[in-house]
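Since the structure comes first, as structure tokens, the remarks are kept for the end.
FYI, it's all coordinate maths here, none of it is from the lab. Since this is a predicted model, take the numbers as computed values, not measurements. Reconstructed Cβ throughout: ideal geometry from the backbone, glycine too, with neighbour counts over all protein chains shown.
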Amino acid sequence: MKILLQFPEGLKQKALEHARKLESDGNEVFISASPTYGACDLAIDEAKRIGAEKIVHFGHAEFHHIDFNVEYVDYKIDAPLSILERSLPVLESFRKIGLVTTIQHIHQLDEIRKFYEKNGKEIVIGKPYGFAKKNGQILGCDIGSAASIDRSVDAHVYFGGGIFHPLGALLNTSKPFLVIDPFHGNIEFIDHYRESYRKKSNGRIAASVGARRFGIIVSTKNGQYNLNLAKILKNKIEASGLEAAILVSNNIDFDSLNNMREFDAFVNTACPRIAIDDTERLRKPLLSANELMKALEFMHEGRERVAERE
Ligand code: SF4
């Protein structure tokens, strides 16, 4: 069988090893060298171009159904759990705790739950909204496992490395949020990010009030493609007497966007994290759909005030 292998950046170093194994089983194997951000980003065009009958996608679980033969290969990491002991004093004043992690550690969630229950905590594990598939699992774009239980817990605990995943969950919850990073040995509340991200968001909205031309970004990646939303936003912008164009790209390239100087602001319809994590890579404001609606509302109110004065 003709197979295209796809690896996220951290696993690309093992690509040849996996290719050799599949070749020894009689397959013709190719390796995608493109960046891969998630199962939202399958190399379907590359696979079709080389006539591959199947993609083997490593490191991410299925995101949504695709009309192509895709095999997902989990990448489990057994992180050391000894760090949990040190989190107990930090969590002393919280009894009911929501627990979330990434797909790499989801198999450890039960052991983590048992540890806290043995130490007098009540553990709540939420359900994802749909892109993530396992209870307690979060993705940058599916924080349902935390948000769905926010009302019923005293605090949230994220177990895993890095800040990317917990940040999305933090911004969609209201309770104290503890990150336990077993790789760096860090245990810290990250609640302060809520205020700093809220201020940045307000700053972007304020900076785009007065914009005349908007570029609406659409990604052609399988799990990020949202042309319908882009068209709705374009209509809303134009109904406000402003100009908009839909900008289509597979990979969002910030240098190219910066070269599009006619636009006063950009609106993201691709991976929702772009309008959170990458805004500083653009010289013009980069808004989410919600932020755009607020900016249009402010512009509308501003015009009404001017009209009243006249
Ligand atoms: S957060 Fe973005 S890159 Fe990650 S799975 Fe979701 S859409 Fe894809």
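Residues with beta-carbon under 12 Å from that of Glu71, excluding Glu71: net charge, scoring Lys, Arg +1 and Asp, Glu -1?
With Lys, Arg at +1 and Asp, Glu at -1, the net is -2.
Around Lys114, with a cut-off of 13 angstrom between Cβ atoms, what is the net charge of the other residues, counting Lys and Arg +1 and Asp and Glu -1?
After counting each charged neighbour, the total is -1.
Any idea how far apart Lys2 and Asn119 come out in nm if each label point goes 7 Å out from Cα toward Cβ?
5.4 nm
What are the residues whose amide H is under 5 Å from the amide H of Lys54, where those residues sit 5 or more places off or on another chain and H is modelled from the backbone?
Answer set, sorted by chain and number: Leu4.
Antiparallel as a % of all DSSP beta bridges within the stretch 59-176, to the nearest 5?
Details: 1 of 10 bridges.
In the stretch 59-176, DSSP labels about 10 percent of beta bridges as antiparallel.
As a check on your grasp of the helix formula, calculate [θ] at 222 nm for the chain: sum -39500 (n - 2.57) over DSSP H runs of n ≥ 4, divide by the residue count, round to the nearest 500.
Working: 11 runs with 106 residues, N = 310.
Here the helix-only value at 222 nm equals -10000 deg cm²/dmol.
What is the extension gain from Ala206 to Asn259, computed as 0.36 nm multiplied by their sequence separation minus the C-alpha to C-alpha distance, in nm to one decimal?
Numbers: separation 53, 0.36 × 53 = 19.08 nm, distance 2.25 nm.
Length gained, Ala206 through Asn259: 16.8 nm.
Assign unit charges at the C-beta atoms only (+1 for Lys and Arg, -1 for Asp and Glu), then state the dipole size of the chain relative to its Cα centre in Debye, rounded to the nearest 20.
So the dipole magnitude of the chain works out to roughly 480 debye.
In angstroms, what radius of gyration and Dmax does the stretch 172-306 have, counting Cα atoms only?
Considering the stretch 172-306 through its Cα atoms, Rg and Dmax are 16.7, 56 Å.
Once amide H atoms are built 1.01 Å from N in the peptide plane, which residues 5 or more positions from Ile246, or in another chain, come under 5 Å H to H?
Residues meeting the amide H criterion: Ile216.
Multiplying the sequence separation of Glu111 and Asn235 by 0.36 nm and subtracting their Cα-Cα distance, what value in nm do you get?
Gain in length upon complete extension: 39.6 nm.
Can you give the net charge of the other residues whose Cβ lies under 15 Å from the Cβ of Gly51, counting K and R as +1 and D and E as -1?
So the environment of Gly51 carries a net charge of 0.
Compute the Cα gyration tensor for the stretch 248-310, then decide on rounded, prolate or oblate, letting a ≥ b ≥ c be the square roots of its eigenvalues: rounded whenever a/c is under 1.5, prolate when a/b is larger than b/c in the other cases, and oblate in all that remain.
prolate
Express in whole angstrom the spacing between the alpha-carbon centres of the stretch 145-215 and the stretch 106-134.
Using only Cα atoms, the two centres lie 20 Å from each other.
Amide H to amide H under 5 Å from Val73: which residues, 5+ apart in sequence or cross-chain, H placed 1.01 Å off N in plane?
His57, Phe58, Gly59, His60
What length, rounded to one decimal in nm, is gained on full extension from Phe183 through to Ser34, with 0.36 nm per residue of separation minus their alpha-carbon distance? Each step should come with its number before you reach the end.
Numbers: separation 149, 0.36 × 149 = 53.64 nm, distance 2.73 nm.
Net length gain for the segment: 50.9 nm.
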